[in-house]
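The values are calculated or read from the model by the stated rules, or taken from the named source; none is laboratory data. It should be emphasised that the depicted structure is a prediction, and the values quoted were computed from it without experimental measurement. Positions of Cβ are backbone-derived with ideal geometry, glycine not excepted, and every protein chain shown enters the neighbour counts. Ligands, DNA and RNA are excluded from the accessible area calculation, which covers all protein heavy atoms including side chains. Shrake-Rupley method; radii C 1.70, N 1.55, O 1.52, S 1.80 Å.
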Amino acid sequence: MLFGRTTLSKFVIEQTRGQHSELGALLIDVAAAVKSISALVGKGALSGFSGYAAATNVQGEAQKKIDVLANEAILRHCEWGGQLAGMASEELEAPYRIPDDYPRGRYLLVFDPLDGSSNSDVNVSVGSIFSILARSTAGEAQKADFLRPGLEQVAAGYAIYGPATMLVLTVGSGTHGFTLDRESGNFILTHPDIRVPVETREFAINTSNERFWEPPVQRYVAECKAGRSGIRGADFNMRWIASMVAEVHRILMRGGIFMYPKDHKDPAKPGRLRLLYEANPMAMLIEQAGGAASTGRGRILEVAPEALHQRVPVILGSREEVERLERYHHEYDTGADRPFVSPLFAERSLFRD
Ligand code: AFP
């Protein structure tokens with residue numbers, strides 16, 4: 001069936017008709033930017049943009065040339081439409097001001113233009129992540145307008161540039177996946193109402209950081225690795241792609257738990273991932289698909305942001321496993337996970353050899 005398929009445009013117009021109709025137009029502009037980035041990423045070394053740019057980004061991390069181009073693609077495709085009061089990007093220290101040539105609207109677009117870009121030169125899937133907030137009035141956005149809990153997002157999504165390019169998004173009524181049909185240039189609804197399996201036996205974490213994790217995370221991962229010989233009584237599988245978009249996409253497709261927890265590797269950073277344009281949009285997508293997204297000690301979507309590029313611990317995926325790891329954090333914080341040793345009895349124990 002060629003013409004009866006639901007395109008992204010049809011879907012978002014139907015989903016946002018009425019109060020949020022401008023949101024539909026903004027999502028269509030984001031999709032246009034994603035198509036440009038897909039074409040660029042898909043060229044690989046033929047694009048002529050492999051390797052690093054001269055600069056480092058606001059995170060102090062080496063900036064890839066393709067990071068800069070992806071950032072430009074989203075700014076140029078989205079700044080002119082009249083839906084936006086401002087934008088914020090992982091690649092820009094301060095919020096992006098909509099040029100005076102263009103009308104302003106009441107939406108805020110916050111994004112990581114190319115997540116996982118350290119993988120781009122080794123041909124591993126990368127992606128773009130975006131979050132959309134709304135102000136009550138149109139006009140120029142101030143920094144405070146961006147510092148809102150993830151619960152206030154009106155839409156969120158990501159593009160994954162893999163063997164196929166997909167756009168996965170939510171406007172608050174479920175999480176839905178669209179696949180780019182390169183012949184027609186349309187995104188086609190291929191994964192309506194995605195659901196994350198409640199149970200899983202697959203975990204994703206960068207185990208090279210194990211010595212820096214907090215004890216509850218060390219406890220959880222040790223139990224997964226012990227498999228059927230340990231208290232979990234079942235073997236687990238492990239994955240680590242180092243592209244959050246690819247990890248989250250796998251979890252939406254087949255379940256799993258993704259962890260980039262708080263660690264003491266760099267005390268200045270409570271985790272690696274950024275709240276506004278990585279954790280919050282992914283948390284909305286996962287929760288809309290029936291999964292859970294936590295810092296280990298509370299819902300990510302309830303974290304009150306204090307800074308544009310703030311980092312946060314991320315534990316998300318199949319609800320049963322996320323809730324288990326939250327329980328381990330609580331037991332650790334309350335001391336319930338440590339064996340009770342009474343100094344009194346230890347000195348007077350009848351059984352001490
Ligand atoms: P880059 O965009 O710098 O490649 O970082 C990707 C990322 O933010 C996230 O997508 C990965 O899950 C995580 O970092 C990988 O971090 P490690 O390289 O420390 O495993």
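Collect the residues in segment 223-245 that are away from the ligand (no atom under 16 Å from the Cβ), closer than 28 Å to residue 285 by Cβ, hydrophobic (A, V, I, L, M, F, W, C) and open to solvent by 30 Å² or more (accessible area, probe 1.4 Å), keeping them in residue-number order.
236
Conditions tested, residue by residue: (1) within 22 Å of residue 24 (Cα to Cα); (2) touching a residue at least 12 places away in the same chain (Cβ under 8 Å); (3) open to solvent by less than 30 Å² (accessible area, probe 1.4 Å); (4) assigned to a loop (DSSP other than H, G, I, E, B).
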{"residue": "69", "(1), (2), (3), (4)": "no, yes, no, no"}
{"residue": "72", "(1), (2), (3), (4)": "yes, no, no, no"}
{"residue": "81", "(1), (2), (3), (4)": "yes, yes, yes, yes"}
{"residue": "86", "(1), (2), (3), (4)": "yes, yes, yes, no"}
{"residue": "91", "(1), (2), (3), (4)": "no, yes, yes, yes"}
{"residue": "130", "(1), (2), (3), (4)": "yes, yes, yes, no"}
{"residue": "139", "(1), (2), (3), (4)": "yes, yes, yes, yes"}
{"residue": "167", "(1), (2), (3), (4)": "yes, yes, yes, no"}
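Is there any pair linking a residue in segment 326-347 that is modelled with pLDDT under 95 and among the aliphatic types (A, V, I, L, M) to one that is assigned to a loop (DSSP other than H, G, I, E, B) and open to solvent by 40 Å² or more (accessible area, probe 1.4 Å), with Cβ under 8 Å and at least six apart or on different chains, and which?
346/352
One line per residue, one yes/no per condition, for (1) within 16 Å of the ligand (Cβ to nearest atom); (2) surrounded by fewer than 21 Cβ atoms within 10 Å (Cβ to Cβ):
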residue: 112; (1), (2): yes, no
residue: 124; (1), (2): yes, yes
residue: 143; (1), (2): no, yes
residue: 148; (1), (2): no, yes
residue: 163; (1), (2): no, yes
residue: 171; (1), (2): no, no
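If the requirement is being exposed (fewer than 14 other Cβ atoms within 10 Å of the Cβ), within 16 Å of the ligand (Cβ to nearest atom) and over 22 Å from the mean Cα position of the chain (by Cα), which of these qualifies: 211, 182?
Values: 182 fails: within 16 Å of the ligand (Cβ to nearest atom).
When all the criteria are applied, what remains is 211.
Hey, any hits in segment 247-266 for a residue that's within 16 Å of the ligand (Cβ to nearest atom), without any contact (Cβ under 8 Å) to a residue 24 or more places away in the chain and not basic (Lys, Arg)?
For segment 247-266, residues within 16 Å of the ligand (Cβ to nearest atom), without any contact (Cβ under 8 Å) to a residue 24 or more places away in the chain and not basic (Lys, Arg): present.
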